[in-house]
Amino acid sequence: MTSAPLNYRNDLRLRFPVIMAPMFLVTNEPMLTAAMDAGIIASFPSLNYRKVEDLNAVLGRLNSHRASLKNAYGNFAVNLIVQKTNIFYKKHLAACVAHQVPIYITSLGNPTETIQQAHAYGAKVYCDVTNELHAQKCFDAGCDGFIAVSQGAGGHAGPNPLLLLIESLKKKFPAKPIWAAGGIATGTGILGAMAAGASAAYIGTRFIASTEAAVSQAYKDAIVNSKMDDIIMSNRISGTPCTIINTPYAQKIGTTQNWFEHWMSNNATTKKYFKMLVQKRGMDWLEKAIRPGNYNSLWCAGKSVELIQNIQPIAAILHDMEMEFKLAIDELNAKSASWLH
């Protein structure tokens, strides 16, 4: 849609086409406010604040911070795991609606209830999708846009290449905005995704290597020192394929479910409750791993680690992305001109 950039600036309060993706146990309040101050959309998983009173408190502060921003840019979104196995979903959704969260991001389930409650007061809902089938279900439910989760994304990655996924979604759903997720850490990557049809880039891993992130120094160093081939896929953590850094501890626990876990996860009688147990175990593993001084290094990250070379404040990260973005536009225009004449 030709009006998308203007609407994104005015309706979503987005100054630069980047959404800081929600990262389980990583995204904290200083990261959120720094990203909002820089004029982008900052998101976080509601599961980072499992106690409803903690979630209520942070939502109240984020709304206040949003209202205090003087340049009308900067916003926040809450990521809800809408899967039936998320025992916190109903209470978290109720808290978000009570605080009139402006933007929702749904993952791993049916987004209908979230969409209906969000739309009742004018909020927007973007849904994680990995293929056209997922996208069709979200489209039918009335979502406002898609998050194209591709190969190389951090956390729950998809199976398809990013540019192919974006173009296929754009062809089938031309009126729906798309946020591009997977392998983006620079302004060049942002421009490439937008050239394919995305409205904005959805970036997580780059912000782990920020001064505001409260994860261990070892985790941040691993982000800086790892290469794309160091990122592997595991379904042991949550039961859903998830990208992690290939550390010795990741190798120790394995990357695939054993036969018993696989059977329990697929048995009609046991799968719901067993998946809840698997997810609880995975949360515990990840929570222990991010703490300073812990040697059980189990760290989520995407393949964009290949492009991350330093630890910086979020404002500096975004400044560099903007400069790279502008330079990439100039280079692309020059290349295009040489082919058009």
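The values are calculated or read from the model by the stated rules, or taken from the named source; none is laboratory data. These numbers were taken from a predicted model, which means no experiment stands behind them. Note: ideal-geometry Cβ built from the backbone for every residue, glycine included; neighbour counts use all protein chains shown. Note: areas computed on protein heavy atoms with side chains; ligands, DNA, RNA excluded. Shrake-Rupley method; radii C 1.70, N 1.55, O 1.52, S 1.80 Å.
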Each label point is 7 Å from the Cα along the Cα-to-Cβ direction; what then is the distance between the points at Met323 and Asn71, in nm? 1.6
Please compute the modelled spin-label separation between Met228 and Glu331, points set 7 Å along Cα→Cβ, answer in nm with one decimal. 1.5
Exceeding 26 Å between C-alpha atoms, which entries from my cross-link table qualify? They are Lys84/Lys124; Lys137/Lys171; Lys252/Lys303; Lys84/Lys137; Lys70/Lys171; Lys84/Lys171. Lys70/Lys171; Lys84/Lys171
Any chance you could look up the accessible area of Met323 with a 1.4 Å probe, heavy atoms only, rounded to 10 Å²? 90
When only C-alpha pairs under 8 Å and at least 6 residues apart count, what is the relative contact order of the range 1-110, in percent? 26
Which value, in Å² and to the nearest 10, is the accessible area of Arg50 when all protein chains are kept and the probe is 1.4 Å? 60
Accessible-area composition of the range 138-257, carbon plus sulfur, in percent [1.4 Å probe]: 54
Would you mind counting up the charge near Ala213? Only other residues with Cβ under 11 Å from its Cβ, with Lys and Arg at +1 and Asp and Glu at -1. +1
Normalised contact order of the range 106-167, rounded percent, pairs of Cα under 8 Å and 6 or more residues apart: 29
Here FRET efficiency (C-beta to C-beta, Ala315 to Ala98, R₀ 22 Å, nearest 0.05) is 0.10
Express the accessible area of the range 37-79 per residue in Å², computed with a 1.4 Å probe while the remaining protein chains stay in the model. 39
Work out how much length Glu167 to Asp140 would gain on full extension: take 0.36 nm times their residue separation and subtract the Cα-Cα distance, in nm to one decimal. 7.8 nm
